[in-house]
Amino acid sequence: MRRTLRARRALATVAVTAGLALTVAGCGGDGGGTDKGSASPPAAGAKGSGDTAQPAPSASADKTLAQVKGGADITLTITSAVRDTGGFLTVSGTVKNGSGKYWLEPSWAGDEKELAANSTSMAGAALVDQAGKKKYLILRDTDGRCLCTKFSGGIQADEEKPFYAQFPAPPASTKSVEFQIGDMPPATIDISDGQ
C-alpha cells in the first residue's frame with residue numbers, strides 16, 4: 001500500500017509539472033526582443049501592443065491616403081491601410097505635433113475599461129464602414145493591450161512620430177473606410193490588399 005501511494009504521488013507530481021511546462025510554453029513570447037516604443041506593427045494576428053519591431057506593411061510609404069488636423073495643431077497623416085489574408089487591416093502613418101509645446105492626449109486611448117492601461121496610444125481608434133454600416137474597434141490581446149502604437153511620454157513640440165493600428169478587416173467588398181480617433185476629424189482612407 002505504501003508503494004502504491006508513493007507511486008501515485010510521484011505520478012501526480014510528474015503530471016502537474018508536465019502540465020505547467022506546457023502552459024508556460026504556450027504563453028511564451030515571439031522569441032524576439034522587444035522595443036516598447038516601436039511604432040511598427042506585429043505580424044498580423046500576433047499578440048502584443050506595439051512592442052515588436054517588424055516592418056509595417058504598406059502599399060506605398062510615400063503616398064498620403066488622408067491627412068487631418070486637430071484643434072491642438074496635431075496633424076495625422078495616413079500612408080497605408082493594408083488588408084492581409086489573415087483577416088486583419090493595418091493602418092499606418094505619422095502623427096505630427098505642430099503646437100510648439102509638449103502634447104499628450106489621453107482621449108486617443110479611448111474610454112473602454114478594457115483599454116484603460118493603454119494611456120497615450122492609438123487604442124481609441126476605430127474604422128467605420130459607412131456602406132456596410134459597421135464600426136471596427138482596435139484589436140487587443142488577452143491582457144487588453146491594443147495592437148497599436150503607444151506614444152510613451154507623449155510627443156514633443158514639432159516632433160513627428162510614426163504609428164500603426166490593427167483592426168479586424170472589413171469584407172473584401174469594402175474598399176474604403178473612415179478612420180476615427182479622439183478629437184480628430186474622420187479621415188476617409190482607401191484599403192489596399194496585402195499578401
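The values are calculated or read from the model by the stated rules, or taken from the named source; none is laboratory data. From a predicted model like this one, the values you see are computed outputs, not experimental measurements. Ideal geometry is used to build each Cβ from the backbone, glycine not excepted, and the neighbour counts take in all protein chains shown.
Among residues of region 161-188 that are under 26 Å from E105 (Cβ atoms), those with a beta-carbon under 6 Å from a residue that is in a strand (DSSP E or B) and aromatic (F, W, Y) at least six positions away or on a different chain give the pairs Q166/F88; F167/Y136; P168/Y136; A187/F179. Exactly one residue out of L139, L147, L104 is over 13 Å from I181 (Cβ atoms) and touching a residue at least 60 places away in the same chain (Cβ under 8 Å): that is L147. A single entry from A72, A56 fulfils the requirement of being surrounded by fewer than 17 Cβ atoms within 10 Å (Cβ to Cβ) and at pLDDT below 90: A72. Consider K101 carefully, then state whether it is within 20 Å of L65 (Cβ to Cβ) and among the basic types (K, R). No, not satisfied.
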